[in-house]
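The values are calculated or read from the model by the stated rules, or taken from the named source; none is laboratory data. These numbers come from a predicted model, not from an experiment. A quick note on method: Cβ atoms are made from the backbone with ideal geometry, for glycine too, and the neighbour counts reach across all protein chains shown.
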Amino acid sequence: MNNNWIQTAEHHQVIDSTSNRAKEILRQNPIPALPMLIDADSQTAARGRDNHSWWSGSGGIFLTLILDAVPHHLERSHVPQLSLGIGLAVLKTLRRHSPEQTFHIKWPNDVYLNNRKIAGILIESPSPQHFVIGVGINTNNTVCDAPAEIREKITTLRDVLHREIDNHRVTGDFITEVQRILAFFPNHTETLVQQVEPHLLMRHQPVSLTIGGQTVTGTCLGLAPNASLRILTDTGERTFLSGVISYRT
């Protein structure tokens, strides 16, 4: 990967979580030069949103970026837009390597192919000065190796394309896309959300949103400028900045 933007890189064959390692690095003094890339061939304790476990079967791409917030004009209030933006970076990268496939972004932080999850994103800000962007992409791993309880919910490029792709090139292309996404901050985040919206999974579909132990039903209208989800309910339009969305049956 030839990318001068990355200042420090660290590779692991096996690690519990690249994001855990990133937060460990941020506790060091001094901190290595940023941006920093940490990647691994496999993870044993990967996490998704709300501490849900993330399957990291060997052959996929599992990485974390550590960013200095100041030069990229990032604030913690930008996390919803940044999460969707990183999803768009993943989507564009995967589309470049498999243009015959149609990928979607599932609000707020997943990428889907054929209604199955192919990539997950977790953005954390351990301090106002730093952002930790964790990404897992199912590329050359296979669903056959996944736990039985999630096999119907996920997919991999290898299983769909019946061939392997160059993970090294995919990672490099993704890093390039991330730099393009960061250029939207801080003044053009509404434009970024507009670019995400056409790729939104469940757009104009009947949905259920679970939040705080309650379920809201309605029709997904799309995204608000602040990256919240717009749902038309029986009592009118409502917007949500968090929650778990699914098709309404």
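The residues of segment 12-35 that are within 13 Å of Asp68 (Cβ to Cβ), of a type in the set (Gly, Ala, Ser) and assigned to a loop (DSSP other than H, G, I, E, B) amount to a single one, Ala33.
Being assigned to a strand (DSSP E or B), out of contact with any Leu (no Cβ under 8 Å at 6 or more places or on another chain) and not polar (S, T, N, Q) is the filter here, so list the residues in segment 228-237 that pass it.
Gly236
Using the structure shown, decide if Ala9 is among the hydrophobic types (A, V, I, L, M, F, W, C), in a strand (DSSP E or B) and more than 11 Å from Phe62 (Cα to Cα). The answer is yes for Ala9.
Checking Thr102 against (1) closer than 24 Å to Arg230 by Cα; (2) among the β-branched types (Val, Ile, Thr); (3) under 10 Å from the mean Cα position of the chain (by Cα), which test does it fail? Evaluating Thr102 over (1) closer than 24 Å to Arg230 by Cα; (2) among the β-branched types (Val, Ile, Thr); (3) under 10 Å from the mean Cα position of the chain (by Cα) leaves (3) as the failure. All of (1) assigned by TED's automatic domain parsing to the domain that holds Gly85; (2) outside any loop (DSSP other than H, G, I, E, B); (3) surrounded by 17 or more Cβ atoms within 10 Å (Cβ to Cβ) hold for Cys220 with one exception: (1).
Pick out the one residue from Asp234, Asp173 that is acidic (Asp, Glu) and under 27 Å from Asp39 (Cβ atoms). Break it down stepwise before answering.
Values: Asp234 fails: under 27 Å from Asp39 (Cβ atoms).
From the options Asp234, Asp173, the qualifying one is Asp173.
If the condition is being in contact with an Asp or Glu (Cβ under 9 Å, 6 or more places away or on another chain) and either part of a helix (DSSP H, G or I) or modelled with pLDDT under 95 (or both), then segment 72-83 contributes Val79, Gln81. What is the residue count in segment 87-104 for residues that are surrounded by fewer than 16 Cβ atoms within 10 Å (Cβ to Cβ) and over 14 Å from Gly172 (Cβ atoms)? Number satisfying all stated conditions: 5.
Only one of the numbered conditions (1) surrounded by 23 or more Cβ atoms within 10 Å (Cβ to Cβ); (2) under 22 Å from His104 (Cβ atoms) is violated by Ser83, and that is (1). Is it the case that Leu232 is touching a residue at least 12 places away in the same chain (Cβ under 8 Å), within 26 Å of Leu65 (Cβ to Cβ) and either crowded, with 18+ Cβ neighbours inside 10 Å or of a type in the set (A, V, I, L, M) (or both)? No.
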